[in-house]
1. Which of the residues spanning segment 19-68 are open to solvent by less than 50 Å² (accessible area, probe 1.4 Å) and part of a loop (DSSP other than H, G, I, E, B)?
2. Quick one: is residue 76 open to solvent by 60 Å² or more (accessible area, probe 1.4 Å), of a type outside the set (Phe, Trp, Tyr) and modelled with pLDDT of 90 or more?
3. Just checking, which of 217, 258, 290, 251 is touching a residue at least 12 places away in the same chain (Cβ under 8 Å) and over 30 Å from residue 168 (Cα atoms)?
4. Specify the residue that is farthest from residue 95 (Cα to Cα); the eligible residues are those in segment 162-216 that are of a type in the set (Ser, Thr, Tyr) and assigned to a helix (DSSP H, G or I).
5. When segment 139-151 is examined, which residues are found to be open to solvent by 80 Å² or more (accessible area, probe 1.4 Å) and closer than 21 Å to residue 242 by Cβ?
6. From the list 164, 113, 136, 127, pick out the single residue that is out of contact with any His (no Cβ under 8 Å at 6 or more places or on another chain), modelled with pLDDT under 85, surrounded by fewer than 20 Cβ atoms within 10 Å (Cβ to Cβ) and not aromatic (Phe, Trp, Tyr).
7. Looking at (1) out of contact with any Phe, Trp or Tyr (no Cβ under 8 Å at 6 or more places or on another chain); (2) touching a residue at least 40 places away in the same chain (Cβ under 8 Å), which is the only condition residue 99 fails?
8. So which pairs qualify, if the first residue must be in segment 135-156 and of a type in the set (Ser, Thr, Tyr), the second must be open to solvent by 60 Å² or more (accessible area, probe 1.4 Å), the Cβ gap must be under 7 Å, and the two must be at least 6 apart or on different chains?
Amino acid sequence: MTVVLPRAVADLPSRADRAFRRVTTGAGLAMLAILVVIGFFLVYRSGPAFEASGFGFFTTIKFDAANSALGVLGLLYGTVVVALIAVCVAVPLSILAALYITEYASGRLRGFLTGLVDLLAAIPSLLYGLWGFSFLGPQVVPVSAWLTDNFGWFPPFAHKENTLFLNSMFIAGLIVSLMVLPITTSVIREVFTQTPPGEKEAALALGSTRWGMVKTVVLPFGRGGIIGGSMLGLGRALGETIAVSLLLPQVPQITTHVLQFGGATISGFIANNSGASGLALSGLMAAGLVLFVFTLATNFTASVIISRSRSGAGVDA
């Protein structure tokens, strides 16, 4: 016996799909519109700074509105250095954590560790900054001194005489790495879970050890996810504000001595000078525009790498 559904009932799935598609498309367009509005606002408010400094805004290290010396180079340098230190520390830990969760941990432990990693992302950056300023910073000072004593021939580990090791870009990078760790681990873990089970089982059936299977199947499959997750973590590190505003003196400079006192980032400098007005405020808006474009370019590059990788294309690729 054939049951014929009313036309209105038969069209319900397609109507629901069309409604869902419209809602998601509208949300995506709304986010794009917000980004465009933010970009135009920053361009408009940074106009006076660009008129006063011209192209020198990108080549000047100092940021001194009182003397009409506006420059973002020193701030951008500190931003990139802190972010690179954070990524160099967080990415290896993220890869190892993701491998353990997906390939070695038991089912119950896997769920606990996944929730724990996600919980780290919910901790406010202010708490990270306060913890780093009051506890971790003083604990890292002996490590910085040991690095300078034993590896001072390496320029980043060299230092000037009678210098302080507190409030350094190295310490700030360590704190930011803890904030980068959750998002990087989550992305890499999700990519590792998409590894085709048949390929993993085939490697084990051919006599490979578990580490051999990970090295020959899981890591090659997740290469694009590792790169993309690392770049997403880099984008997160570039925009960190509260923690670095507490950990760094926010004095723009270019130096290879990352272990000694000093340094500034764009976001931290803006936070510490948020009460500025006039030309100084326009200069902060211009610096924010540089950070906005730099972060967008980093995240866009990460998205392209993920989408073009085998892991980003799906399991059946």
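The values are calculated or read from the model by the stated rules, or taken from the named source; none is laboratory data. Keep in mind that this is a model prediction, so the values were computed, not measured. Cβ: placed from backbone, ideal geometry, glycine included. Neighbour counts: every protein chain shown. Areas reflect the complete protein model, heavy atoms only, side chains present, ligands, DNA and RNA absent. Shrake-Rupley method; radii C 1.70, N 1.55, O 1.52, S 1.80 Å.
1. Correct list: 46, 60, 63.
2. Values: open to solvent by 60 Å² or more (accessible area, probe 1.4 Å): no; of a type outside the set (Phe, Trp, Tyr): yes; modelled with pLDDT of 90 or more: yes.
So residue 76 fails the test.
3. On the way: 258 fails: over 30 Å from residue 168 (Cα atoms); 290 fails: over 30 Å from residue 168 (Cα atoms); 251 fails: over 30 Å from residue 168 (Cα atoms).
Every option except 217 fails the conditions.
4. Let us first name the residues in segment 162-216 that are of a type in the set (Ser, Thr, Tyr), namely 163, 168, 177, 184-186, 193, 195, 208-209, 216.
Subset that is assigned to a helix (DSSP H, G or I): 177, 184-186, 193, 216.
Working: 177: 13, 184: 8, 185: 7, 186: 10, 193: 13, 216: 15 Å.
Out of the qualifying residues, it is 216.
5. 139 - this is the single residue of segment 139-151 that is open to solvent by 80 Å² or more (accessible area, probe 1.4 Å) and closer than 21 Å to residue 242 by Cβ.
6. Numbers: 113 fails: modelled with pLDDT under 85; 136 fails: modelled with pLDDT under 85; 127 fails: modelled with pLDDT under 85.
Going through 164, 113, 136, 127 in turn, just one is out of contact with any His (no Cβ under 8 Å at 6 or more places or on another chain), modelled with pLDDT under 85, surrounded by fewer than 20 Cβ atoms within 10 Å (Cβ to Cβ) and not aromatic (Phe, Trp, Tyr): 164.
7. Going through the list (1) out of contact with any Phe, Trp or Tyr (no Cβ under 8 Å at 6 or more places or on another chain); (2) touching a residue at least 40 places away in the same chain (Cβ under 8 Å), residue 99 breaks only (1).
8. Listed by first residue and then by second, the contacts come to 148/159.
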